[in-house]
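The values are calculated or read from the model by the stated rules, or taken from the named source; none is laboratory data. Note that this is a predicted model, so its numbers are computed, not measured. Note that we place each Cβ from the backbone using ideal geometry, even for glycine, and neighbour counts take in every protein chain shown. All accessible areas refer to the heavy atoms of the entire protein, side chains included, with ligands and DNA or RNA removed. Shrake-Rupley method; radii C 1.70, N 1.55, O 1.52, S 1.80 Å.
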Amino acid sequence: MSNLAELYRGLGSIDVPMLTRPPHVHPYMANSDDMSTEERHTALAYKPSLLYLEPNDPGSAASDSETTSSTNPPPVTGRVLRFSGSELESLKAHATDPNSGSWVTTFEALCALFHQCIYQARLHYQKQTQCTLSPPDFLTPVNILSTSRGIPDLPPTYFPNNLLCAYSAFSHDVLAEGPLWQIAKQLYDMTRSGFPTADEVKQTIQWIAAHPDKHQIRPGFRYGNGSLMISSWAKFDMYAGTEFEAGEKPALVVPPFTPISLLDGLGYVLPTEMHGQKTGGDKGALDVYIALSEPLWEILERDEQLGRFSSEWSNTARS
C-alpha cells in the first residue's frame with residue numbers, strides 16, 4: 001500500500017514516478033530446476049513436521065466436491081474490533097498461569113480468548129442445528145524473514161509470502177471448560193517448542209521446492225467449522241507512508257473483507273493508527289479483524305468473557 005501511495009503522490013511531479021525502495025519480487029528458490037540430482041534427492045529425503053504428501057486421487061476429489069455442493073452453510077461476515085491497551089494488559093494477566101512464573105504474549109492471550117469464545121459459540125450453535133464440528137485446530141503463520149527462522153539473506157523489501165504456519169490440535173475439554181491460561185500456554189508452546197528450528201525451516205523450504213507435484217503438499221492443520229486461524233500483523237507499521245494526499249492519513253488500515261478472505265474462522269491482529277507514534281491516543285491498542293459464520297456473531301454478542309475484556313464489544317452487544 002505504501003508503494004502504491006508513493007507512486008500516486010509522484011504522479012503530480014514527474015512523468016514516470018519511481019519508488020525509492022522498490023519491492024523485491026523474485027520468490028526465494030523459484031529456480032528449483034537448477035537443483036542438481038544429488039541436491040534434489042537430499043531435499044526430498046527430509047520429512048517436514050508441518051507438511052505431508054497426499055496422493056492424487058481424482059475420485060476422492062470429486063466426492064469432496066459433491067459433499068461441499070450439497071450443503072448450504074450460513075453466510076460469513078467480518079467485523080473489526082478494537083481492544084484498548086489497558087484491556088489487553090488485563091487480558092494478559094488473566095491468560096497467564098497463576099501457578100508458575102511463565103508468561104504469554106498479547107497475541108497469544110488474544111488468540112486464546114477468541115479460540116475459546118468462538119468454540120463455545122460453535123458448540124451452542126451445534127446444539128441448535130445438530131451440525132458436526134470439525135476438530136478445533138488452531139493455526140497461525142510465523143514470519144521466517146529473520147535470522148532466527150533460517151532465511152537471513154532475504155531483503156527487508158521481500159514481497160512474496162515469507163511464512164510457515166504453526167498449528168496445534170486442541171481438545172474439546174480445554175476449549176469448552178478449561179481456564180484461559182491453559183489455552184494460552186498451549187499456543188505459547190506451539191510457536192516455540194513446536195515450531196521447526198532454523199535449519200529445519202530451510203530444509204522444509206528446500207523439500208517444497210524439490211517436490212515435483214506441489215498439489216500433493218498439505219498442512220497437518222485441519223480446517224473446518226471448528227477451527228480458527230489468526231495471523232499477527234501487530235508489529236507492522238501499516239499506516240506509515242499510506243497517505244495518498246499530503247497530510248491526509250487513512251482513518252483505518254485493514255485488509256478488506258472480500259470473498260477470498262471471508263472464511264469462517266479467519267482473523268488478523270492489526271496495529272491501530274497510533275502505532276509508532278510517541279504521544280497521544282492509546283498506543284497499546286490493537287484491532288482484531290475476524291470473519292465468522294453469521295449465526296456465531298449473534299451468540300458472541302452475549303458472551304460475558306469477550307465483554308469483560310473489550311468495552312467496545314460490550315457496547316456493540318448492548319446496541
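Ala169 falls short of the stated requirement of being crowded, with 18+ Cβ neighbours inside 10 Å, small (Gly, Ala, Ser) and within 20 Å of the chain's Cα centre (by Cα). Note on the range 266-300: among residues that are within 15 Å of Phe83 (Cβ to Cβ) and modelled with pLDDT under 85, the one that is least open to solvent (accessible area, probe 1.4 Å) is Met274. Under 6 Å between Cβ atoms, which residue pairs at least 6 apart in sequence (or on different chains) link something in the range 228-257 that is over 25 Å from Leu163 (Cα atoms) with a partner that is open to solvent by less than 30 Å² (accessible area, probe 1.4 Å) and not aliphatic (A, V, I, L, M)? Between residues of the range 228-257 that are over 25 Å from Leu163 (Cα atoms) and residues that are open to solvent by less than 30 Å² (accessible area, probe 1.4 Å) and not aliphatic (A, V, I, L, M), the close pairs are Pro250/Thr242. Residues that are in a loop (DSSP other than H, G, I, E, B) and open to solvent by less than 40 Å² (accessible area, probe 1.4 Å) were ranked within the range 172-200; the one that is nearest to His124 (Cα to Cα) is Gly178.
Scanning the range 214-246 for residues that are closer than 20 Å to Leu50 by Cα, assigned to a loop (DSSP other than H, G, I, E, B) and open to solvent by 40 Å² or more (accessible area, probe 1.4 Å) gives Arg222, Tyr223. Considering each residue of the range 25-46 in turn, at least one proves to be modelled with pLDDT of 90 or more, part of a loop (DSSP other than H, G, I, E, B) and touching a helix residue (DSSP H, G or I) at 6+ places or on another chain (Cβ under 7 Å).
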